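Pasting in a structure now, in structure tokens, and then I'll have a few things to ask.
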Amino acid sequence: MATDLIGTKLDQYFLLSRIGAGGASEVYRAHDAQNDRFVALKVLPPHLAAQDEHRRRFNREAQMAARLDHPHILPAFSHGEAAGIPYIAMKLVEGGTLDAFVPESPLPLPFVARVLAAIADALDYAHQQGVIHRDLKPENILFDVEGTIYLGDFGVADDRASEVALVESGDFVGTVAYSSPEQCRGEPLTASADIYSLGVILFEIITGRQPFTGPTPLAVMHQHLSAPSPNPLDDRPNLPPGLTDVLRTALAKEPSDRYRSAGALNAAFQRTLRDFSPAPLAAEPAAPPPPAPPRRRISFPFWLLSVMIVVMLVAALVVLVATS
């Protein structure tokens with residue numbers, strides 16, 4: 001149930017328009033009067049703020065966002081509560097999300113490489129802080145108008161530094177299309193689950209489709225659990241052949257068979273691109289030289305020859321007359 005808070009003032013934040021709404025939070029474009037800037041204000045709606053469990057989860061997310069400081073993690077400026085509504089003030093980025101860049105078509109590899117490098121670095125940092133994202137998907141990868149890439153929405157992240165459990169063991173969290181096999185089974189997750197999700201995203205943005213699909217969420221889960229990893233070259237034959245092994249490792253069913261870190265996945269991807277030398281294009285036949293311009297034929301004026309003959313005859317006659 002979405003709540004219309006447009007026009008509401010929460011502390012120094014004046015809510016101008018709603019950017020989006022999820023199952024447990026809403027995000028507004030707001031003006032920060034104290035710092036004279038626009039921010040994205042994530043709020044817990046009143047009907048959920050009245051429930052202790054939702055409030056505890058939201059406060060946990062706020063505290064975690066405040067301590068994650070990385071160039072490619074969406075910055076959180078502050079958090080608090082006003083009029084009984086908890087909020088998190090974050091950097092406002094208005095360049096779109098990654099899902100808007102993949103309307104069922106593959107993306108250029110240099111762009112893919114830039115996205116992967118940024119998100120892998122952000123994930124490795126989060127993992128070092130004891131945070132597992134657990135809901136990595138294109139909608140949570142954002143761009144500002146300058147093209148800087150951010151990982152956002154740690155709403156269901158597992159923070160090992162927190163004493164508050166977000167979900168009970170056996171519960172499913174995340175988005176089915178990007179969930180690891182262990183995530184589908186409701187098992188406790190490690191950083192390897194995020195690496196699998198990153199592999200799903202990588203497959204999608206280089207081929208234009210998700211690797212595992214089905215008519216129902218349960219069918220998609222079954223694909224994650226038992227279907228072999230598809231070959232990206234079947235969808236895009238001109239890809240570097242080495243990407244097949246890169247994605248197969250990232251999408252391994254067993255966590256121990258995957259890359260040990262997001263950075264290792266990124267390094268393997270970048271190395272494969274560097275080592276790939278596509279066959280040179282066949283040389284085009286040389287164009288024939290342009291035809292020589294036709295020679296101009298000079299037409300001799302025969303009337304002039306007649307005049308010259310007459311003149312010569314007259315001259316000869318004059319000479320004969322003069323000598324006789």
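The values are calculated or read from the model by the stated rules, or taken from the named source; none is laboratory data. What you see is a predicted model; the values in this text were computed from it and never measured. Because the Cβ atoms are built from the backbone with ideal geometry, glycine has one as well, and the counts that use them run over all protein chains shown. For accessibility, only protein heavy atoms count, side chains too; no ligands or nucleic acids. Shrake-Rupley method; radii C 1.70, N 1.55, O 1.52, S 1.80 Å.
Suppose we filter LEU273, LEU243 for residues that are modelled with pLDDT of 95 or more, within 24 Å of ASP99 (Cα to Cα) and either open to solvent by 80 Å² or more (accessible area, probe 1.4 Å) or among the hydrophobic types (A, V, I, L, M, F, W, C) (or both); which single one remains? I'd like the intermediate steps shown before the answer.
Values: LEU273 fails: modelled with pLDDT of 95 or more.
Unique residue meeting the criteria: LEU243.
Something else about it: Surrounded by 14 or more Cβ atoms within 10 Å (Cβ to Cβ), more than 20 Å from ALA126 (Cα to Cα) and modelled with pLDDT of 95 or more, is that true of LEU198? Walk me through it before giving the result.
Working: surrounded by 14 or more Cβ atoms within 10 Å (Cβ to Cβ): yes; more than 20 Å from ALA126 (Cα to Cα): no; modelled with pLDDT of 95 or more: yes.
Spelling it out, it is not the case that LEU198 is surrounded by 14 or more Cβ atoms within 10 Å (Cβ to Cβ), more than 20 Å from ALA126 (Cα to Cα) and modelled with pLDDT of 95 or more.
Looking at (1) in contact with a strand residue (DSSP E or B) (Cβ under 7 Å, 6 or more places away or on another chain); (2) open to solvent by 70 Å² or more (accessible area, probe 1.4 Å); (3) under 21 Å from LEU142 (Cα atoms), find the lone condition where GLU94 falls short.
The single condition GLU94 does not satisfy is (1).
Scan region 120-133 and tell me whether some residue there is under 30 Å from ASP11 (Cα atoms), open to solvent by 10 Å² or more (accessible area, probe 1.4 Å), in contact with a helix residue (DSSP H, G or I) (Cβ under 6 Å, 6 or more places away or on another chain) and not in a helix (DSSP H, G or I).
No, that holds for no residue.
Looking at region 60-92, which of its residues are in contact (Cβ under 8 Å) with a residue 60 or more places away in the chain and more than 19 Å from VAL131 (Cβ to Cβ)?
Those that are in contact (Cβ under 8 Å) with a residue 60 or more places away in the chain and more than 19 Å from VAL131 (Cβ to Cβ): GLY80, ALA82, ALA83, ILE85, TYR87, ALA89, LEU92.
Follow-up question, since we're still on this one. Which of the following residues is at pLDDT 60 or above, open to solvent by 100 Å² or more (accessible area, probe 1.4 Å), touching a Ser or Thr at 6+ places or on another chain (Cβ under 6 Å) and of a type outside the set (Phe, Trp, Tyr): ARG260, ARG248? Give the steps one after another, and end with the answer.
Working: ARG260 fails: touching a Ser or Thr at 6+ places or on another chain (Cβ under 6 Å).
So the residue among ARG260, ARG248 that is at pLDDT 60 or above, open to solvent by 100 Å² or more (accessible area, probe 1.4 Å), touching a Ser or Thr at 6+ places or on another chain (Cβ under 6 Å) and of a type outside the set (Phe, Trp, Tyr) is ARG248.
Considering region 148-161 alone, what residues qualify as being in a loop (DSSP other than H, G, I, E, B) and either farther than 18 Å from ALA40 by Cβ or more than 12 Å from the chain's Cα centre (by Cα) (or both)?
Step one: filter region 148-161 for residues in a loop (DSSP other than H, G, I, E, B), giving 148, 152-157, 160-161.
Once the filter is applied, which keeps residues that are in a loop (DSSP other than H, G, I, E, B) and either farther than 18 Å from ALA40 by Cβ or more than 12 Å from the chain's Cα centre (by Cα) (or both), region 148-161 yields GLY152, ASP153, PHE154, GLY155, VAL156, ALA157, ARG160, ALA161.
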